[in-house]
Amino acid sequence: MKSSRLVITIAVLSLALAAPAAAGVDRPIKGTVIGGGGPDVEAPGCPGTPIWRFNSPGTGNVSHLGKVDSFLTHCTYPDLTFGEGTITFTAANGDELVIAQEGSCLPILDESANFLGYTCEATWTAVGGSGRFAHATGSGTLDIVGDVPGGDTLFGLDGEMRVDIAGTIAYDASDRSQR
């Protein structure tokens, strides 16, 4: 009986030591960034037949990072879906969280079919980072709205866009392996 407990204990310890380190506990993540930028019709790095690569630097606040600078990029297709994109959030201390994102947009038109703005919904998955986010995992949703520059300000953004992030993230706050 004692020898079988010893074998089970050794097996459990062996599995625990062989398993990769956990990124940490799931924590809710939430925040908003406001950005500008716009489309690059040459669409560098986009597969298929995109209409542009959208690039947008921004700033905001995101839980677990605090005040952030962000950079969003993705390929936009004729059906107004987007993919092959990331958002990199950089915290004040230099730690970065990188998420992959894909989704779809709806244009907002006036009664004469003039383009006034857009709304988008997307999903995201953590794909990289540095500092405490070097081994982060997580996923969630993005809600995006934007106004056309110089037009009616539907969302009070006049040519900018607002990205709201929500979801869960797990990371090891003591991880400083890559910075």
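The values are calculated or read from the model by the stated rules, or taken from the named source; none is laboratory data. Not measured: the values here are computed from a predicted model. Because the Cβ atoms are built from the backbone with ideal geometry, glycine has one as well, and the counts that use them run over all protein chains shown.
For the range 162-176, a residue qualifies if it is modelled with pLDDT under 95 and touching a Gly at 6+ places or on another chain (Cβ under 8 Å), and the qualifying residues are TYR171, ASP172, ALA173, ASP175, ARG176.
On the basis of being in contact with a helix residue (DSSP H, G or I) (Cβ under 9 Å, 6 or more places away or on another chain) and under 19 Å from ARG162 (Cβ atoms), does PHE82 make the cut? In short, no. Anything in the range 117-159 that is buried (at least 19 other Cβ atoms within 10 Å of the Cβ) and part of a loop (DSSP other than H, G, I, E, B)? List them, or say none. Across the range 117-159, the qualifying residues are SER130, ALA134, HIS135, ALA136. Looking across the range 119-161 at every residue that is modelled with pLDDT of 90 or more and of a type in the set (Asp, Glu), the one that is farthest from the chain's Cα centre (by Cα) is identified as GLU160. Scanning the range 62-77 for residues that are in contact (Cβ under 8 Å) with a residue 60 or more places away in the chain and in a strand (DSSP E or B), which turns out farthest from ARG27 (Cα to Cα)? For the range 62-77, the residue satisfying everything is LEU72.
On inspection, THR59 passes the criterion of being of a type outside the set (A, V, I, L, M), assigned to a strand (DSSP E or B), under 21 Å from ILE169 (Cα atoms) and touching a residue at least 24 places away in the same chain (Cβ under 8 Å).
Flag: VAL12 matches the condition of being over 25 Å from PHE133 (Cα atoms) and modelled with pLDDT under 95.
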